[in-house]
1. If I model the chain as equal point scatterers sitting on the Cα atoms and use the Debye formula, what is log10 I(q)/I(0) at q = 0.07, 0.17 Å⁻¹?
2. Show which lysines lie in cross-link reach of residue 140 when reach means a straight Cα distance below 22 angstrom and same-chain residues fewer than eight apart are skipped.
3. Need one number: the % of Cα-Cα pairs in segment 94-192 sitting beyond the 20 Å mark.
4. Enter the Cα centre distance for the pair segment 1-29 and segment 134-158, rounded to the nearest angstrom.
5. Once you've got the GNM for the chain with C-alpha springs shorter than 10 Å, pick whichever of 144, 102, 163 has the biggest mean-square fluctuation.
6. Would you order 105, 152 from fewest to most other beta-carbon atoms within 10 Å of each residue's own beta-carbon?
7. Pick out, in residue order, every one of the trypsin sites (Lys or Arg not before Pro) in segment 136-190 that is DSSP loop and has at most 10 other C-beta atoms within 10 Å; say none if there are none.
8. In deg cm²/dmol, rounded to 500, what helix-only [θ] at 222 nm does the chain give when every DSSP H run of at least 4 residues adds -39500 (n - 2.57) and the total is split over its residues?
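Rule-based calculations on the coordinates, nothing more; no lab input. No experiment lies behind these values; they were computed from the predicted model shown. Here the Cβ is made from the backbone with ideal geometry for all residues, glycine too, and neighbour counts use every protein chain on show.
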Amino acid sequence: MSLWVEDFSAVKALLDDVRERGIVNFRTFTSVHPEFVERCMQEINVLDVNQLHARMFTAPDKPTLLARLPEISRDDMQQHFQEQLIELWDNKLFHQRKVLNYSLDGSEVHVHLQFSVFPGHEARWDLVLIALMDITARKKIEAYLEFLGKHDVLTKLKNRSFYIDEINRLERKGPCPVTAIAVEYQRPQDGQ
């Protein structure tokens, strides 16, 4: 379990400011203003991180990890952080989700993230615990099992289950009409 202790008080101040300006639908606001989400990400102050986190993300040490945080939280992380902000807006001071990060060598790291504000710090969010559990191996196993459910083990070709699901999808969503062509291959016999 990788543990982070962070200060979210500047994020709380930004959310309070938006609330004071009369914003009611925060989801729409963050969708229209992605720069606000990015600014909130930049305002997080990391107070400490345990050594496991450095290993999880292939960092040689904590200072290197902290200096290269944008390489870890990139791509769709802003979307996950937007959802986290929406939960904070709704005063949900404990939440969890599955997110995709990247190690410093560029490989994917799937994590289960738990966010909680320390008791006694609910008014300011100046002490927050973030726990990350590496679920990359589980994600790989799930993807492989999904592959096996839709493909023949020996040939790696799509199996009957895949085609039944695909026909059901086509019936629901189209396009219509659909044409299927079946081809049978017969191996030539000796002497032919």
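1. Values returned for q = 0.07, 0.17 Å⁻¹ are -0.35, -1.11.
2. The reachable lysines, counting only those whose Cα sits under 22 Å from residue 140, are 98, 150, 156, 158.
3. Numbers: 3296 of 4851 pairs.
Of the Cα pairs, 68 percent sit more than 20 Å apart.
4. After rounding, the separation between the Cα centres reads 39 Å.
5. Between 144, 102, 163, it is 163 that shows the largest mean-square fluctuation.
6. Starting with the residue having the fewest Cβ neighbours, the order is 105, 152.
7. Answer in residue order: 156.
8. On the way: 9 runs with 86 residues, N = 192.
Computed mean residue ellipticity for the chain: -13000 deg cm²/dmol.
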